[in-house]
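Scroll down for the structure; my scribbles are underneath it.
Each value in this text was obtained by applying a stated rule to the coordinates, not by laboratory testing. Nothing here was measured: the structure is a model prediction, and the numbers come from that model. Every residue, glycine among them, receives a Cβ derived from its backbone with ideal geometry; neighbour counts consider all protein chains shown.
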Amino acid sequence: MTKTISNVNELQKLREQYKAAISQAKVRVLVCTGTGCVANGSLRVYEKLAEAARKRGLETSIEVLMKGEKEPLLLSKSGCHGFCQKGPLVRVEVSGTGREGSNTLYIHVKPEDADDIIESIIAGTVVERLLYRDLSTGQVYKSEEEIPFYRLQKRVTLEHCGKIDPEDIRDYIAHGGYSAVSKVLLETTPDEVVDLVSRSGLRGRGGGGFPTGKKWSFAKAAKGSPKYVICNGDEGDPGAFMDRSVMEGDPHRVLEGMIIAGYAIGASHGYVYVRAEYPLAVRRMRKAVDDARSFGLLGDNILGSGFSFDVTIREGAGAFVCGEETALIASIEGKRGMPRPRPPFPANCGVWGKPTVINNVETLANIPSIVLNGADWFRALGTPASGGCKTFALAGQVANTGLVEVPMGTTLRQVIFECGGGIRTGKKFKAAQIGGPSGGCLPESLLDLPLEYDTLTKVGAMVGSGGLVVMDESTCMVEVARFFMNFIQSESCGKCVPCREGTKQLLAILDKIIAGKATMEDLQLLEELALIVKDASLCGLGKTAPNPVLSTLKYFRDEYIAHVVNKRCPAGVCTALKEYYIDETKCRGCTLCARVCPVSAIKGEKGKPHQIDPSKCIKCGTCIQKCRFGAISVRS
């Protein structure tokens, strides 16, 4: 497979060769092998499809097609399609074109469906039972692009995810891969690249939203050598998997962005920092680096341009704080991952004390598209203040969970009710927690808020890395704040007192509130302490840690007051505020509830209605589970 590419003409020649080979197949079948689909058995689906094809005398490998032999089928693994709720997913492309409308997407595919899929390919039909059906309208959708989940999306970062084999560099090259690198190295100067990125309006997709071009210009102008580029793949937000999916589904796109960044600032080496909990992403990034190096697209004198750049993969140990750039730098250097005061900023004093650019995976994955399509094109996709598109990990009480990429400025309502299909429980929407554990909780009144950096900041939330958790009316917002504060407190590195002790005390007050033991003075202290932690903490983790508390206090203060004053949880979630009681009209006096109660809180004579002593009841729910007459209920 290895073919060292020494100049742009050889790259173009190989691209045409690979494209011609792929086009030899009349049909291409792509099986999603992102983490979500793999967990649901997609590798077994792939094996069964290969077996079913071989039984019918069909060759499925790219190697045969490279020989110029016309074959009816090419079977490949792919990265994440984004529609995780419906995996495992299988995409069937007719004539290998990949054009809109020329594909069929099968959902919830099982190994036993393999024979039917192969037979349908031979017959030129579709397996209708595996197509997506809208439960509300009954409409069946054949093409991936027609499905409502995808209709609103504009996939830039995720352009190739689900459509190429992430472990085959030839597939990436055939789809235009490394064209941006060749254009930059041979047609532009470093200053022109920095200017292009600046004009595009690209802002950091890792959470802070700092202008990428400005960060690159600082590093380019900084004194010191060598310089470095770091790709931050330490994605630690609960429920977030945007960067993981890009690294798993299109790793060469990330490397291409890093090479361009290195050229722009004058760096010759880069690091990809990936958390060890992402083994598939680690493996695919390592393979991408090895393959790019063997093809001459990493290393010395790339494409004969005189520019050299290489990449090292570093695994992180899973500390959330290592997502903060100075803590990440310390980890790369072999030190404990702890943030340091800034300035100096990494652009002037980064890894090994040298000028360093740190961008997250999604930010770097946008660079090739900006180079090939231009700054105006990218800026026009979003808003004047926030150019381009943004990926969001849609999770929680929403019908279609998964990964979506939409233009900046798309509203929260559009993402939840068009891409997400609305609330899956049939209950009413209550809140959306956006921006990860350091983000904010937004109420129904803000559903039409455009999703962009400055707009979200004004209402106490943040784009963050792109986590988006949807909650219905059965959610207790005090418990939500407690959940995220518990995560943040556990992940605090402990270096500064405001974060180390402040988050601990915030958590203690929240625990007191949901236990029904808090006073209004506690509520006032909660808000005051949250503001102190926000203002006084050393790094971004501590400064944004109180956001879930402050946003829920701002938009759902009535729930806090109900917990504190009325000793009641409006959502009926907080165990300590529940009251178990027996409906005497339904109780038969069978004594079963009394016999299973672990604390003997239920009393009564056989054959007569029983009562629960609330002072003894520990609210374990065992009595409700055992009652055969539905006589025991909970009120909050």
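Here are some notes:
- In this structure the amide hydrogen of LYS77, modeled in the peptide plane, comes within under 5 Å of the amide hydrogens of VAL31, none closer than 5 places in sequence on its chain.
- Spread over its residues, the convex hull of the C-alpha atoms of segment 171-380 is 113 Å³ per residue.
- Considering only Cα atoms, the convex hull volume of segment 389-472 works out to 70 Å³ per residue.
- Cross-link partners of LYS427 among aspartates and glutamates (Cα-Cα below 17 Å; sequence separation of 8 or more within a chain): GLU418, GLU444, ASP472, GLU473
- Tilt relative to the chain, helix 190-200 - C-alpha long axis, 0 to 90 degrees, to 10: 40 degrees
- Percent breakdown of C-alpha pair distances by 10 Å bin, ordered from the shortest bin, for the chain: 3, 15, 23, 23, 18, 11, 5, 2, 0, 0
- Difference of contour (0.36 nm per residue) and Cα-Cα distance, ALA515 to ARG283: 79.0 nm
- Prolate/oblate/rounded call for segment 593-636, Cα gyration tensor, a/c under 1.5 rounded: rounded
- Entry note: segment 8-147 has Rg to Rh equal to 0.99, where both radii use alpha-carbon atoms and Rh is the Kirkwood radius.
- Backbone geometry of segment 494-510 corresponds, through the Karplus equation with coefficients 6.51, -1.76 and 1.60 at θ = phi - 60°, to 3J(HN,Hα) couplings of x, 6, 10, 4, x, 6, 4, 8, x, 5, 4, 6, 4, 5, 4, 5, 5 Hz, x marking Gly and Pro.
- Cα centroid separation - segment 461-478 against segment 588-610, whole Å: 41 Å
- Residue-span extension gain [LYS26 to GLN505] - 0.36 nm each, minus C-alpha spacing: 166.1 nm
- Pairs of Lys in segment 520-589 closer than 24 Å at Cα, counting only those 8 or more apart or on different chains: 6
- Separation of the ASP300 and ARG129 label points, Cα + 7 Å toward Cβ, nm: 6.1 nm
- Taking the C-alpha atoms of segment 500-541, convex hull volume expressed per residue in Å³: 59 Å³
- Rg [Å, one decimal], Dmax [Å, integer] - segment 142-289, C-alpha atoms: 16.2, 56
- The residues MET520, MET242, MET285, when put in order of fewest to most other Cβ atoms within 10 Å, stand as MET520, MET285, MET242.
- Backbone HN-Hα couplings from phi across segment 568-578 [Karplus 6.51/-1.76/1.60, Hz, Gly and Pro as x]: 9, 9, x, 8, x, 9, 5, 4, 5, 9, 8
- Whole-angstrom gap from segment 254-287 to segment 149-194, using each part's C-alpha centre: 15 Å
- Each of ARG15, ARG342 has some number of other Cβ atoms within 10 Å of its Cβ, and from fewest to most they run ARG342, ARG15.
- Count of lysine pairs in segment 54-201 with Cα separation under 27 Å (8 or more residues apart, or interchain): 26
- Stretchable slack from GLU333 to VAL459, in nm (0.36 nm times residue separation minus alpha-carbon distance): 41.6 nm
- The fraction of all Cα pairs in segment 477-564 landing in successive 10 Å bins from 0 to the largest distance is 19, 57, 22, 2, given as whole percents.
- Ordering of 430-442, 48-60, 202-214 by packing is 430-442, 202-214, 48-60, highest average first (other Cβ atoms within 10 Å, averaged per residue).
- Reachable aspartates and glutamates from LYS504, criterion Cα separation under 13 angstrom, eight or more residues apart if same chain: GLU491
- Of all lysines in the structure, the ones whose alpha carbon falls short of 21 Å from that of LYS214, not counting any fewer than 8 places away in one chain, are LYS223, LYS227, LYS354, LYS390.
- Proportion of all alpha-carbon pairs of segment 140-204 beyond 21 Å (%): 49 percent
- Ranked packing of 308-319, 460-471, 484-495, most packed first, by mean Cβ within 10 Å: 460-471, 484-495, 308-319
- Per residue of the chain, the DSSP helices (runs of n ≥ 4 H) give a summed -39500 (n - 2.57) that works out to -11000 deg cm²/dmol at 222 nm.
- As a rough footprinting exposure proxy, the listed residues VAL197, VAL229 were ranked by other beta carbons within 10 Å of their own, and the order from fewest upward is VAL197, VAL229.
- Other-chain or far-sequence residues with amide H under 5 Å of VAL459's (modelled H): none
- Measuring between their Cα centroids, segment 332-390 and segment 502-518 lie 37 Å from each other.
- Shape of segment 365-517, Cα gyration tensor, a/c cut at 1.5: oblate
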